[in-house]
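In what follows, a single structure is set out as C-alpha cells and then discussed.
Nothing in this text is a laboratory measurement; each read-out follows from the coordinates by a stated rule. The model shown is predicted, which means the values in this text are computed figures rather than measured ones. Don't worry about glycine lacking a Cβ; one is built from the backbone with ideal geometry, like all the others, and counts go over all protein chains shown.
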Amino acid sequence: MSGSEIKITPKLSDGIKKIIFRILLFSLILSVYIYSLCPTVYLIDSGELAATSWTLGIAHPTGYPLYTLISYLFSHLPGEPIKNLNLLSTLFSISAAFILYITVKRITENECISALITAMFSFSPIIWRISITNEVYPLTALFCVLLLSMIHSLKDSRIFYFIMFLFGLAFTNHIIIFSLAFPLFFYLIIVYKPPLKKILIGFLFALIGISPYLYLILRTLAGAEIAWGNTCNLQRLIWHITGRQYQVWMFSLSAKEILNNVKQGLVFITSNFLYVFIIFVFAGFFYLFKKNRKKFWLLLIVFLLNFLYTINYAIPDIESYYIPSYVALLFAGVYGLYIFNKYIKWFVSIPLILTFALVNYPSCTLRDNTFGLDYSIAYISQLPENSLLIASYWDIYSPTIYLRKVKKLYKELVIIDKELLRRTWYLKYLKNEYPEFYSSAEKEINDYLSELYKFEYNKPYDPHIIQNKFIKMMERFVEIKETTGVYFALPFPDYDLNSVKPDHYRIPCGLNFRLTKNIQPCTFDFSQLEIKHPEFINDPRLKFNIEAIKRMINNNINYLTRTGRMNEAEMAKKWLNDFAIHK
C-alpha cells in the first residue's frame, strides 16, 4: 500500500454510513416539510400572527413575546414575509427533531431507534401540521423536547441553571408548557437534590428567562400598531399572560362535553402513533416502572396534567395543546422500543419511517393550499371603496390584518371584527386605524366603553345595558357608511348582527350580505371570485369554511332567481359547479 492510500477500517466505514444515514434522514424530513409547506397565510391565527410579527406588535393572549421577537427578524429577511414565517416553523421543528435524535441515540445507543423516533415525531400530524405554517406551537414543541432531553445531560450546576432559564423562557412562548415544566422541576429537586441556595439561584435564572414578557408593556407604551390586550401596566399584562378573556372556555364545560373531549383527545393522540405503535408507549412505561420509577412518574404526570388541562378547554385549534402529552408519550415510547433493541435494524426502521411520511401526508399537507388567503380576499375584493365590512368570523378577519399591515392592501375599506368589539383595546386599535370613521361614531363608542370598562375590570355592570349600547354603536357604524355600502360577513347566523338595523334588508352579495334600507340590486361579478379548492380537505375548519361558501353561493342563486336575474343566477351556478369540480 502506498503512503497516499487511506485504509478504510470497518469502524470508519460504519461511521461514514451513520453520517450518510443521518444526512439522508434529515434531508428527507426537511424536503417533506418544504414540499408540503403552506404557500401563504392559512386559517385561524395565521394572518394576525404574521402581522404582529411584521409590525413588532402584541399578539392574542398569551402574547408570545419570544416568538414575536424571533419572527420579526425572519419576516424582514428577503422574500415574502409569510413564506419566511412558515419556514421559521419548519426550522423550529427540524431543530427539535435533531435534539430528539441525539437524545434517543444517547439513551438507546441504537441508530435505528433514534431515526425511527425522530421520524415518528416529525411526521406525526400534531407536529407536521404546525411545521408548515406560521404558528407559535413549533417553538413550544422545541422547548418540550429540549427540556426532557436536558435531564439526560444534568452533570453540574451550570446545566441546572440553564434548565431553570429554559423554564422561564419557555413560558414566554406558550402557557401550556406549565404541564411539563412543573413536574420536571420537582423531578430535578427529588432526583438531584440541589441545595436551597442553588434552587434560589435557579429561580433567578428562571426570572431572567421569563423577562421577555416585559416586551408586551414596552411595545404597548411605545405605540405598537397591533397592541392586543393594551398591556400598558402590570395588571393588564397579567390578564394577557393568563388568557383572562378566554377563561370563559376554561373549566366551564359540562360532564358530557368533557367526556367527549376525553374521547377525542385519546383518539387524536393515538392517531399520532398510527394507533398500533402506541403499544411501544405502554411497553416503555412498563420498562420505566421496573427500571426507573422516578422517570416513569415524571412522564406519566406530564401526560396526565397536560391531558386534564386540555380536555377542560374548548377552542377550535385545541390539538396543539396536546404537544406536551405527545412528547412525554414519545419519550416513553423510546424505552418501549429499547426493549426490542436487537430486532430494530435498518431494514425495519427505514420502511416504518417511509410509512409514517406516506400515511400522514394527506392529513397534513398544505402544498399549494392558498385557501386561507383566498377565503378572506373573496369577502373584500369586490367591496366598493370606503365601504364597511363587519365580520363575525375570525377566519375572514385575521388574513385582512396581514393584507392591510404587511401588504398595504385594502386600506380604503373599513373592516371590523364584531367579536373583538367586546374588548376595550380593540376600540383603541380602531381609533388609530380609522380615525375619521372613529370620530364620527365617538359618542356611541364612548357610551359603550363606559359600560364595557365595568365588565373588563370586574365592577358591577348590567349585561343588558352593555348589549344595548353595543348594538347602538354598531348601528351608528352602519349609519356612517350607509351611502358608500355596508356589508355583513355571516358564514353562520349571528344574533348580534341580526339585531343591528332589523328593519333593513340583508341582500346576498357574493359571500356577504349587503345591508340596505330599500330593496336594490347588488351587483357581484362571479367570474372574478377566485377561491382555489384545496386538493386535500384535511382540517375540520377548512371543511366548515368550504361548506359556508357553498351555502352563501346558494343564497345568491336563490335570491337572483327570485328577483328574475337569471343570467346572474346561472353565473353563480356555474361558479359553484366549477368550484366543486376543481377540488
Over the chain, the sum of -39500 (n - 2.57) across DSSP H runs of at least four, divided by residue number and rounded to 500 deg cm²/dmol, gives at 222 nm -20500 deg cm²/dmol
Within the chain, the percent of DSSP beta bridges that are antiparallel, given to the nearest 5, stands at 45 percent
If one compares the long axis through the Cα atoms of helix 293-310 with the longest principal axis of the Cα atoms of the chain, the angle in degrees, nearest 10, works out at 10 degrees
Set LYS517/LYS573; LYS411/LYS443; LYS454/LYS517; LYS408/LYS454, cut-off 31 Å on Cα-Cα distance; pairs above it are LYS454/LYS517; LYS408/LYS454
Once the in-chain neighbours fewer than 8 apart are removed, the aspartates and glutamates whose Cα is under 15 Å from LYS574 read ASP525, GLU530
Among LEU430, ASN538, THR400, the residue whose Cα sits farthest towards the positive end of the charge dipole of the stretch 371-581, when +1 is placed on the Cβ of each Lys and Arg and -1 on the Cβ of each Asp and Glu, is LEU430
The cysteines in the chain that find no other cysteine Cβ closer than 4.7 Å to their own Cβ are CYS38, CYS112, CYS144, CYS232, CYS364
Expressed in angstrom and rounded, the centroid-to-centroid distance over alpha carbons for the stretch 125-166 and the stretch 524-545 is 36 Å
Straight-line reach check, LYS342, cutoff 16 Å on alpha carbons, 8 or more apart in-chain or any other chain, hits among aspartates and glutamates -> GLU109, GLU111
FRET efficiency for LYS574 and TYR275 from the Cβ-Cβ distance with R0 = 51 Å, rounded to 0.05, comes out at 0.75
Quick shape check on the stretch 166-241: root eigenvalues a ≥ b ≥ c of the Cα gyration tensor, a/c under 1.5 is rounded, otherwise prolate if a/b tops b/c, else oblate, and it reads prolate
For the stretch 371-581, shape from the Cα gyration tensor axes a ≥ b ≥ c, cut at a/c of 1.5 then a/b versus b/c, turns out prolate
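Packing-wise, with mean Cβ within 10 Å as the measure, how do 425-435, 317-327, 129-139 rank, highest first?
Ranking, from highest mean packing down: 129-139, 317-327, 425-435.
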With +1 at each Lys and Arg Cβ and -1 at each Asp and Glu Cβ, the charge dipole magnitude of the stretch 371-581 around its Cα centre, to the nearest 20 debye, comes out at 120 debye
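Just to confirm the filter: which trypsin sites (Lys or Arg not before Pro) across the stretch 149-245 are DSSP coil and have at most 15 other Cβ within 10 angstrom of their Cβ?
Sites meeting the loop and neighbour criteria: LYS155.
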Classified through the alpha carbon gyration tensor (a ≥ b ≥ c as square roots of its eigenvalues; rounded if a/c is under 1.5, else prolate when a/b is larger than b/c, else oblate), the chain comes out prolate
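Could you please rank THR483, THR270, placing first whichever residue has the fewest other Cβ atoms within 10 Å of its Cβ?
Neighbour counts put them in this order, fewest first: THR483, THR270.
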At R0 = 45 Å the Cβ-Cβ FRET efficiency linking LEU259 and CYS232, nearest 0.05, sits at 0.60
Taking r as the C-beta separation of THR561 and TYR461 and R0 as 45 Å, the FRET efficiency to the nearest 0.05 is 0.45
The alpha-carbon center of the stretch 337-382 and that of the stretch 99-122 are separated, in whole Å, by 19 Å
Given unit charges at Cβ for Lys, Arg (+) and Asp, Glu (-), the dipole magnitude of the chain about its Cα centre in debye, nearest 20, is 2080 debye
The simple spin-label model distance between VAL267 and LYS155, using points 7 Å out along Cα→Cβ, in nm, is 4.8 nm
Partner aspartates and glutamates whose C-alpha sits under 13 Å from that of LYS405, ignoring same-chain residues fewer than 8 away, are GLU48, GLU225, GLU433
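Which entries of LYS469/LYS532; LYS290/LYS345; LYS418/LYS543; LYS481/LYS543 show an alpha-carbon separation above 31 angstrom in the structure shown?
LYS469/LYS532; LYS481/LYS543
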